[in-house]
Amino acid sequence: MKDMVENFTGFYNAFFEFSARSAYRIVKEKNAAMDIAQEVFLYFLKNQETLDFSDEAKLRAKIGWKTRKVCLDYLERSCNKHEMCIINDEDNGADIIDEKNNPEVVILELEDKADRELALEMLRRENPVSYDILIRTQLYGVPPDVVAKEYGVSRNAINNRNLRSKAWMEEKLKKIRRQT
């Protein structure tokens, strides 16, 4: 038993950093990567009798496999659950709350999205053909050549109409933002 614990300690020391780096490449968060690496090695600690400490290549492959699996589970869970840590000390807390979790930024993004939707709706009412062309080429990804054939115009005309529609919408957005 002592030999197995010593082997596992060496195994942990040798491969923990590999697991943490692999996890970081997938989840792009340092703390989450460290947690994932801990979870991977907890799994191997519970199943250490199945490990062959003599074959380093197999160990590395098993660690990579389990790390990817735990990362995918983490990413799946993170779609459903978001945690935010708030610290009372403003100096330390400023580093933890990033831009995507800042309430002011979230509100501004929601307002911007609502303004853009309003401008798009105005385009739909005032110029339905331009709206249709813009939506089909930009949102649905229909090639401009296909849309051009349907409307009996050139590809260049479709691209120019898209540019004019976007410029028109930007003007409307400026007006909307000045009103609010």
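A few points about this structure:
- When the stretch 99-179 is described by a simple charge dipole with +1 on each Lys and Arg Cβ and -1 on each Asp and Glu Cβ, the residue from GLY152, SER165, VAL106 located farthest towards its positive end is GLY152.
- Relative contact order, whole percent, for the stretch 99-179 stands at 30, derived from Cα pairs under 8 Å and 6 or more residues apart.
- Taking each residue as 0.36 nm, the span from ALA61 to ARG164 lengthens on full extension beyond its C-alpha to C-alpha distance by 31.7 nm.
- Virtual spin-label span in nm between GLU111 and TYR12, 7 Å along Cα→Cβ: 5.1 nm
- Among LEU59, VAL27, PHE8 - extreme Cα towards positive end, dipole of the stretch 2-80, charges at beta-carbon: VAL27
- Three-way shape call for the stretch 99-179 based on the alpha-carbon gyration tensor, with the a/c threshold at 1.5: prolate
- Assigned charges on the beta-carbon of Lys, Arg, Asp, Glu; the stretch 99-179 dipole about Cα centre (debye): 340 debye
- Cross-link table LYS30/LYS58; LYS28/LYS62; LYS28/LYS175; LYS149/LYS172; LYS28/LYS58, entries beyond 32 Å C-alpha to C-alpha: LYS28/LYS175
- Cα→Cβ-extended label distance, 7 Å offset, between ILE176 and ASP73, nm: 4.4 nm
- With 0.36 nm allotted per residue and the present C-alpha distance subtracted, the ASN102-TYR151 stretch has 13.1 nm of extension available.
- In terms of its Cα atoms, the stretch 2-80 spans 41, 19, 19 Å along the principal axes, sorted from long to short.
Values quoted throughout were computed directly from the atomic coordinates according to the rules given, and no laboratory measurement underlies them. Owing to the predicted nature of the structure, the values given are computational and were not obtained by experimental measurement. All Cβ positions, even for glycine, are placed from backbone atoms using ideal geometry, and neighbour counts span all protein chains on display.
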